[in-house]
Amino acid sequence: MNKLVGACMFGQSGGPTSVINSSAAGVFIEAMKHDCITEIYGAAHGIRGILEEEFYDIRKEDTKELMLLKNTPSSALGSVRYKLKAANVDETDYKRLLEVFKKYNIRYFFYNGGNDSMDTCNKVSKYLQKSGYECRVMGVPKTIDNDLDVTDHCPGYGSAAKYVSTTMMELKLDANVYDTPMITVVEIMGRHAGWLTAASALASYKGLGPDLIYLPEVAFDTDKFIKDVDKVMKSNGGKCMVAVSEGISDADGTLIAEKLGTNLAKDSFGHAQLGGVGAMLSNMCKDKFGCKTRAIEFSLMQRCGAHLASKTDVEEAFKAGATAVKYAVRGTTDKMVYFKREMKNGKYSCKMGVMSVAKAANTEKKVPMEWIVNDGTMLSKEYVDYAMPLIQGDCKAPLEDGLPRFARLNKVLAGKK
């Protein structure tokens, strides 16, 4: 094995999760075990922090605080949505990255994110190779959307799914208090893949979940929706609870939020900034049925709810970060850590390996159509069997004065020497 000596850089990108910092802790704690890694840097706001030469000296952090990252939600170093242009279109950012990497002798680069982040990781890796600069580049997966290809599941999904299913159960109990008709529409994150909205089915299988679930995988028809709601209300004492993905579209691919509302703003990756479809459907039901309706949007809460984090998810996220470092030190580059499920005698376990980061870049794994049943309004037992192992266990931050004690990093800047 060729021993590569130099500094490592870690960055977080894309939407935060309740366990993305657990992966950061995994990278930092593992990196400290290897003498070939001279310095450990954490980029401020992902790739942009490297371009602007602003990153933190992780060796100046208290190890206890780094361990507290395991139970600290959001992105402790700051995240970013920054799209690198192809190097053959505009090489400016790549030249700057290479300049910074050489200046600080960065020989290990770990990037933690989802689809678009793996695209960034892939582009940086290929450019460094082409430039003849030896640097081991590894992608560390994360996304509550659970839509990265090849890997069985993604860090962040289990905890978000636990939040969705638990909160749906609580809402169900609340919505059924009064003896008057009521329609509750709950909007859950999910652009093209409905994994997170599907998690509401875990509550339904416990008898306390939505009556109707709508995923982006199935074309949404407003007329059918009204008929579905009417049918449930007639058989359920005037009550109906609906779970809907923010990204549902009609048969032509037009977002329902756009169809019923206005043009949606776009982010730097060209993605529509979603939200509001639940309120639109709630208003539609109010006009049609004339009863009380309530729209609830989980919004950021579903991805930052560390108080409902799955222990399985927290530990796997930590291990994913540590695994990336172990592979890189052994000589691996241009890869992403992936999860492989193993079931023995009904007991779940997760093995980790590495795959080409290019295969993970800009891919989307959707909920299998055979798991979507009841005329497109519910999930099958196969989905429940898939998701249940991922939400197991309780893992929270320690309490201080009755409130969670999250990590407090010094964030000593190491850049701009």
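The values are calculated or read from the model by the stated rules, or taken from the named source; none is laboratory data. Since the model is a prediction, treat every value here as computed from it, not as a measurement. Virtual Cβ from ideal backbone geometry, glycine too; neighbours counted across all protein chains shown. These accessible areas exclude ligands, DNA and RNA; they are computed on the full protein's heavy atoms, side chains included. Shrake-Rupley method; radii C 1.70, N 1.55, O 1.52, S 1.80 Å.
Step by step: first the residues of region 135-159, then only those that are of a type in the set (A, V, I, L, M) and touching a strand residue (DSSP E or B) at 6+ places or on another chain (Cβ under 9 Å), then the one that is most open to solvent (accessible area, probe 1.4 Å). Which residue is that?
Per the criteria, the residue is Val150.
This table checks each residue for (1) of a type in the set (Lys, Arg); (2) open to solvent by less than 10 Å² (accessible area, probe 1.4 Å); (3) under 30 Å from Arg191 (Cα atoms).
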residue	(1), (2), (3)
Glu91	no, no, no
Tyr94	no, yes, yes
Glu99	no, no, no
Arg107	yes, no, no
Asn112	no, yes, yes
Ser125	no, yes, yes
Tyr133	no, no, no
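Mind listing whichever residues of region 306-339 are open to solvent by 50 Å² or more (accessible area, probe 1.4 Å), touching a Lys or Arg at 6+ places or on another chain (Cβ under 8 Å) and either over 21 Å from Gln392 (Cα atoms) or free of Cβ contacts under 8 Å to residues at least 60 places away in the same chain (or both)?
Tyr327, the sole residue that qualifies.
Any chance region 87-104 includes a residue that's of a type outside the set (Phe, Trp, Tyr) and under 30 Å from Leu379 (Cα atoms)?
No: zero hits.
Take residues that are of a type outside the set (A, V, I, L, M) and within 30 Å of Ile106 (Cα to Cα) and tell me which of the strands (runs of 3 or more DSSP E) falling wholly in region 132-243 contain 2 or more.
Because the criterion is at least 2 residues that are of a type outside the set (A, V, I, L, M) and within 30 Å of Ile106 (Cα to Cα), the strands (runs of 3 or more DSSP E) in region 132-243 that meet it are 136-141.
It is to be established whether one or more residues within region 160-179 are touching a strand residue (DSSP E or B) at 6+ places or on another chain (Cβ under 9 Å), of a type in the set (Val, Ile, Thr), closer than 14 Å to Leu281 by Cα and open to solvent by less than 10 Å² (accessible area, probe 1.4 Å).
Scanning region 160-179 turns up no residue that is touching a strand residue (DSSP E or B) at 6+ places or on another chain (Cβ under 9 Å), of a type in the set (Val, Ile, Thr), closer than 14 Å to Leu281 by Cα and open to solvent by less than 10 Å² (accessible area, probe 1.4 Å).
Just give me the residues in region 370-417 being over 30 Å from Glu99 (Cβ atoms) and small (Gly, Ala, Ser), in sequence order.
Those that are over 30 Å from Glu99 (Cβ atoms) and small (Gly, Ala, Ser): Gly376, Ser380, Ala387, Gly393, Ala397, Gly402, Ala407.
Taking the conditions exactly as written (touching a Cys at 6+ places or on another chain (Cβ under 9 Å) and without any contact (Cβ under 8 Å) to a residue 60 or more places away in the chain), does Ile40 satisfy them or not?
It is true that Ile40 is touching a Cys at 6+ places or on another chain (Cβ under 9 Å) and without any contact (Cβ under 8 Å) to a residue 60 or more places away in the chain.
May I ask you to say which residue of Arg303, Arg294 is of a type in the set (D, E, K, R), surrounded by 14 or more Cβ atoms within 10 Å (Cβ to Cβ) and under 26 Å from Val140 (Cα atoms)?
Step by step, each of Arg303, Arg294 is checked, and only Arg303 is of a type in the set (D, E, K, R), surrounded by 14 or more Cβ atoms within 10 Å (Cβ to Cβ) and under 26 Å from Val140 (Cα atoms).
For region 90-110, state whether one or more residues are aromatic (Phe, Trp, Tyr) and in a loop (DSSP other than H, G, I, E, B).
Yes, region 90-110 contains a residue that is aromatic (Phe, Trp, Tyr) and in a loop (DSSP other than H, G, I, E, B).
Looking at region 71-112 only, could you name the residues that are touching a residue at least 60 places away in the same chain (Cβ under 8 Å) and either on the phi > 0 side of the Ramachandran plot or of a type in the set (Asp, Glu) (or both)?
Answer for region 71-112, where residues must be touching a residue at least 60 places away in the same chain (Cβ under 8 Å) and either on the phi > 0 side of the Ramachandran plot or of a type in the set (Asp, Glu) (or both): Ser74, Gly78, Asn105.
Enumerate the helices (runs of 4 or more DSSP H) found wholly within region 309-417, keeping only those where 3 or more residues are at pLDDT 95 or above and among the aliphatic types (A, V, I, L, M).
Counting at least 3 such residues, we get 311-329.
List the number of the failed condition for Leu4; all other conditions in (1) part of a loop (DSSP other than H, G, I, E, B); (2) over 20 Å from Glu99 (Cβ atoms) hold.
It fails just one condition, (2).
Residue check: is Thr72 polar (S, T, N, Q), modelled with pLDDT of 95 or more and open to solvent by less than 20 Å² (accessible area, probe 1.4 Å)?
Yes; evaluated as a whole, the condition is true for this residue.
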